[in-house]
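The values are calculated or read from the model by the stated rules, or taken from the named source; none is laboratory data. Given the structure is predicted, the values throughout are model-derived calculations rather than measurements. Neighbour counts are summed over all protein chains in view; Cβ atoms, including those assigned to glycine, are modelled from backbone coordinates with ideal geometry. To get the accessible areas, we keep the full protein, side chains included, count just its heavy atoms, and leave off ligands, DNA and RNA. Shrake-Rupley method; radii C 1.70, N 1.55, O 1.52, S 1.80 Å.
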Amino acid sequence: MSATLPSWPYSRYIAHRGGGRLAPENTLAAMRVGAEHGFTMFEYDVKLSRDNVLVLMHDDKVDRTSNGAGPAADKTYAELAQLDFGSWHSAAYAGEPLPTFAAVARYTLANGIASNVEIKPCPGREAETGRAVALAVRQLWQGAAPLPLLSSFAEEALAAAREAAPEVPRALLVEKVPADWRERLAKYECVALNINQKDATRELIDAVHAAGYRIAAWTVNDPERARLLLDWGIDGIFTDELAAIRPAA
């Protein structure tokens, strides 16, 4: 290995959106399910409400994961808080509220859980959201370790996070591995590259490590594929299949 790898105080097993398929994504209920399955690291998505409250949500619209409709960017936190973010999944989670980033920070810190925070900005709010997430991490995790790993497809958000709180570690999140991944990782002073698991090869993992970076793959839902990637030395796998792919399995 030709480069010293950055610190990686994270589990190799990362629960996707908190509870994978077992609970409504990006909720505190999902976090509890993830913890019950032995996960000590969660991935979840954070964006800004219209009135600048950081909340957990993946989509630009609330339609898929709530009983509401329309763009999340058009709704205040008070309006989002009135929606049911659990019934779409199952009756057991009916009435589950949308959590704030601050609430999730308190839960994960109290329970010794690490975070991969995906910065998921509403369209046009990339830099604003990246800055807000990074500054919130600085405040909420003050004196705690490990700090969350911030990742994003939105490079403008990563740049803003780096400028606002350079001490918070970052990962470049990509749909397809770009030819200039080394240059992009260096540009945003990232510690890791988060890739689509379909693009993961032993050669790529070795190349990323040789360049001095960590590498994780999303979303790995086949146990055989998970074992192969871990055997190849990947640093983390994000999974929806919390029962079949987990630290205790």
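All told, Ser7 meets the bar of being assigned to a loop (DSSP other than H, G, I, E, B), open to solvent by 40 Å² or more (accessible area, probe 1.4 Å), closer than 30 Å to Leu230 by Cβ and not acidic (Asp, Glu).
Criterion applied to Leu135, Leu185 was being open to solvent by 70 Å² or more (accessible area, probe 1.4 Å) and part of a helix (DSSP H, G or I), and the one residue passing it is Leu135.
Considering Gly34, Gly38, Gly19, the condition of being surrounded by fewer than 22 Cβ atoms within 10 Å (Cβ to Cβ), small (Gly, Ala, Ser) and touching a Phe, Trp or Tyr at 6+ places or on another chain (Cβ under 9 Å) is satisfied by Gly38 alone.
Scanning region 69-99 for residues that are within 14 Å of Arg50 (Cβ to Cβ) and either in contact with a Phe, Trp or Tyr (Cβ under 9 Å, 6 or more places away or on another chain) or among the charged types (D, E, K, R) (or both) turns up Asp74, Lys75, Glu79, Leu98. Residues of region 41-61 include none that is surrounded by fewer than 18 Cβ atoms within 10 Å (Cβ to Cβ), hydroxyl-bearing (Ser, Thr, Tyr), outside any helix (DSSP H, G or I) and touching a residue at least 60 places away in the same chain (Cβ under 8 Å).
Checked against (1) hydrophobic (A, V, I, L, M, F, W, C); (2) surrounded by fewer than 24 Cβ atoms within 10 Å (Cβ to Cβ); (3) assigned to a loop (DSSP other than H, G, I, E, B), Ala29 passes all but a single condition, namely (3). Restricting Pro71, Pro148 to residues that are surrounded by 18 or more Cβ atoms within 10 Å (Cβ to Cβ), touching a strand residue (DSSP E or B) at 6+ places or on another chain (Cβ under 7 Å) and of a type outside the set (Gly, Ala, Ser) narrows the list to Pro148. Within region 167-216, the set of residues being touching a residue at least 40 places away in the same chain (Cβ under 8 Å), under 23 Å from Ala145 (Cα atoms) and in contact with a helix residue (DSSP H, G or I) (Cβ under 6 Å, 6 or more places away or on another chain) comprises Tyr213 only.
The residues of region 188-202 that are open to solvent by less than 20 Å² (accessible area, probe 1.4 Å) and in a loop (DSSP other than H, G, I, E, B), listed by number, are Tyr188, Cys190, Ala200.
With the condition kept exactly as written, say whether any residue in region 85-94 is out of contact with any helix residue (DSSP H, G or I) (no Cβ under 7 Å at 6 or more places or on another chain) and open to solvent by less than 40 Å² (accessible area, probe 1.4 Å). Yes, region 85-94 has at least one match. Candidates Ile205, Ile215: the one that is outside any helix (DSSP H, G or I) and crowded, with 16+ Cβ neighbours inside 10 Å is Ile215.
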